[in-house]
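To keep things clear, I will list the structure first and then write my remarks on it.
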């Protein structure tokens with residue numbers, strides 16, 4: 001897949017992704033084996049009470065959210081329990097996963 005020019009980052013702005021160990025990491029920068037050891041439920045779905053749409057929950061969702069905050073790809077929104085995708089996040093998600101948030 002080709003990433004549109006407006007979503008390409010210069011090499012200096014690209015996040016550094018550690019090489020994943022086979023079968024242990026499925027999200028850049030997360031060790032899924034470590035997340036599985038959490039006492040919290042690993043992953044599930046639930047309905048968002050404001051938008052009435054399903055979303056991921058559990059230890060995996062928390063780990064992904066933490067990683068996105070670390071990268072500066074999301075930030076806290078104006079409303080309680082809301083987040084906003086940053087410009088860097090839109091670029092990173094496009095480069096990494098082919099997501100177009102425009």
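The values are calculated or read from the model by the stated rules, or taken from the named source; none is laboratory data. Just so it is clear, the model here is predicted, and its values are computed rather than measured. We place every Cβ from the backbone using ideal geometry, glycine too, and count neighbours over all the protein chains shown.
Residue by residue, here is whether (1) part of a loop (DSSP other than H, G, I, E, B); (2) surrounded by 16 or more Cβ atoms within 10 Å (Cβ to Cβ); (3) free of Cβ contacts under 8 Å to residues at least 40 places away in the same chain; (4) not assigned by TED's automatic domain parsing to the domain that holds residue 40 holds:
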site	(1), (2), (3), (4)
52	yes, no, yes, no
56	no, no, yes, no
61	no, yes, yes, no
79	yes, no, yes, yes
90	no, yes, no, yes
93	no, yes, yes, yes
96	no, yes, no, yes
99	yes, no, yes, yes
102	yes, no, yes, yes
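Checked against (1) surrounded by 10 or more Cβ atoms within 10 Å (Cβ to Cβ); (2) in a helix (DSSP H, G or I); (3) at pLDDT below 90, residue 70 passes all but a single condition, namely (3).
Confirm whether residue 37 is exposed (fewer than 15 other Cβ atoms within 10 Å of the Cβ) and either modelled with pLDDT of 75 or more or touching a strand residue (DSSP E or B) at 6+ places or on another chain (Cβ under 8 Å) (or both). Break it down into steps so the answer makes sense when it comes.
Working: exposed (fewer than 15 other Cβ atoms within 10 Å of the Cβ): yes; either modelled with pLDDT of 75 or more or touching a strand residue (DSSP E or B) at 6+ places or on another chain (Cβ under 8 Å) (or both): yes.
Yes; evaluated as a whole, the condition is true for this residue.
Inspection of the stretch 12-34 finds no residue satisfying the criterion of being modelled with pLDDT of 85 or more, in contact with a strand residue (DSSP E or B) (Cβ under 8 Å, 6 or more places away or on another chain) and not in a loop (DSSP other than H, G, I, E, B).
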